[in-house]
Amino acid sequence: MSFWQTWLRLPRTVFLRKVSFQIHLWLGLALGLYVVVLSLTGSAIVFRRELDAAFGPGRPAIDRTQRVLSPEELTDFARRAYPDFDVESVGIVQRRTPVVQMGLRRGDESIERVFNAYTGEDLGDPFPWTSRALLWLVTLHDDLLMPAEQRGRFWNGIGSILTTILCLTGAVVWWPGIRHWRRGIWVMWRARWPRLNFDLHSAMGFWFFLMILLWALTGIYLSFPSPTMVVVNTVFGPELHELRVSRPVDVVIEWMVRLHFGRWRSHTLKVVWVIIGLIPTVMLVTGVVMWWNRVVRHRRPARVSQPALNFQQEAQGVE
């Protein structure tokens with residue numbers, strides 16, 4: 001048989017599939033913690049703006065009929081609220097809400113406060129612990145808690161490249177052959193636990209493959225934007241800045257980034273994105289369970305029993 005005939009009928013005998021299986025297995029184990037962290041934090045910050053508004057100090061709505069206080073007037077309000085402090089800095093009115101952040105100092109002590117730009121009311125700490133916790137999550141997701149000199153962003157890019165390889169090898173491993181391909185897209189809920197675990201991993205890999213691959217590819221772009229655009233411009237031609245025209249590829253990249261973060265106005269869609277964001281964690285867990293059952297348990301002579309042997313035979317049949 002030719003390569004394609006063998007691939008269609010007996011994919012487990014193809015060398016490419018065997019190599020892909022090993023790469024997928026060991027990459028999955030090596031990237032386990034990284035995938036779980038990115039999955040959980042990504043889901044947690046889908047509602048970042050809403051959480052930031054809820055956790056931060058109460059902020060007034062924009063009212064075009066009201067006059068914004070001058071820096072001098074805001075300084076007077078700050079001095080009356082904190083007579084023992086000197087006003088060191090007065091920020092500008094924020095774009096989305098009429099508040100001004102101000103810095104005050106008393107000896108070696110410095111504080112930051114937010115004031116209502118219309119009334120001069122002290123609205124509190126601009127970064128309460130809840131806001132700092134949210135910022136910590138964002139920094140963990142974007143920079144792996146290493147924002148200095150974009151070191152974390154670099155390693156995030158490396159992780160995204162490896163995750164892309166993990167997805168592509170998973171797609172090769174998933175193919176069960178022309179006679180059994182339907183088996184790889186459904187879950188037999190009444191099956192024994194090992195088979196149920198395998199079906200969950202296989203079916204989620206099929207139905208969410210494009211979404212997980214998109215997260216990996218956009219992770220590369222967000223970590224290495226300049227090198228990525230060099231490749232894009234080489235393939236699709238230079239950007240048309242002078243004509244202010246967006247190329248189709250630019251629109252695709254913009255939408256991919258929006259899909260990456262779940263930037264929707266609809267809260268329902270955001271909830272869906274939170275749930276989908278947990279899929280990589282579930283796939284990692286089911287993958288580790290398969291590895292544990294097939295490799296670790298199989299190498300423990302004291303635990304080998306007839307049910308375990310039956311599972312090994314069943315697992316080999318559904319791999």
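General observations
- Out of Leu140, Leu145, Leu166, Leu135, sole residue that is surrounded by fewer than 17 Cβ atoms within 10 Å (Cβ to Cβ), farther than 30 Å from Arg67 by Cβ and in contact with a helix residue (DSSP H, G or I) (Cβ under 8 Å, 6 or more places away or on another chain): Leu145
- Filtered residue count, the range 253-271, keeping only those that are farther than 30 Å from Glu239 by Cβ, surrounded by 14 or more Cβ atoms within 10 Å (Cβ to Cβ) and not basic (Lys, Arg): 1
- Selection of the range 95-126 for residues being without any contact (Cβ under 8 Å) to a residue 60 or more places away in the chain, of a type outside the set (Gly, Ala, Ser), part of a loop (DSSP other than H, G, I, E, B) and surrounded by 14 or more Cβ atoms within 10 Å (Cβ to Cβ) yields Thr97, Pro98, Tyr118, Glu121.
- Hits in the range 1-60 - residues which are surrounded by 14 or more Cβ atoms within 10 Å (Cβ to Cβ), closer than 30 Å to Phe115 by Cβ and basic (Lys, Arg): Arg48, Arg59
- Selection within the range 31-48 - assigned to a helix (DSSP H, G or I), over 11 Å from the mean Cα position of the chain (by Cα) and touching a residue at least 24 places away in the same chain (Cβ under 8 Å): Gly32, Arg48
- Boolean, Gly152 is modelled with pLDDT of 90 or more and touching a Gly at 6+ places or on another chain (Cβ under 6 Å): no
- The single residue among Thr41, Thr13, Thr75, Thr65 that is hydroxyl-bearing (Ser, Thr, Tyr) and in contact with a strand residue (DSSP E or B) (Cβ under 8 Å, 6 or more places away or on another chain) turns out to be Thr75.
- Members of the range 49-70 that are farther than 23 Å from His267 by Cα and in contact (Cβ under 8 Å) with a residue 24 or more places away in the chain: Asp63, Gln66, Arg67, Val68, Leu69
The values are calculated or read from the model by the stated rules, or taken from the named source; none is laboratory data. Just so it is clear, the structure is predicted and the values come from calculations on it, not from any experiment. Using ideal geometry, Cβ is built from the backbone for each residue, glycine included, and neighbour counts are taken over all protein chains shown.
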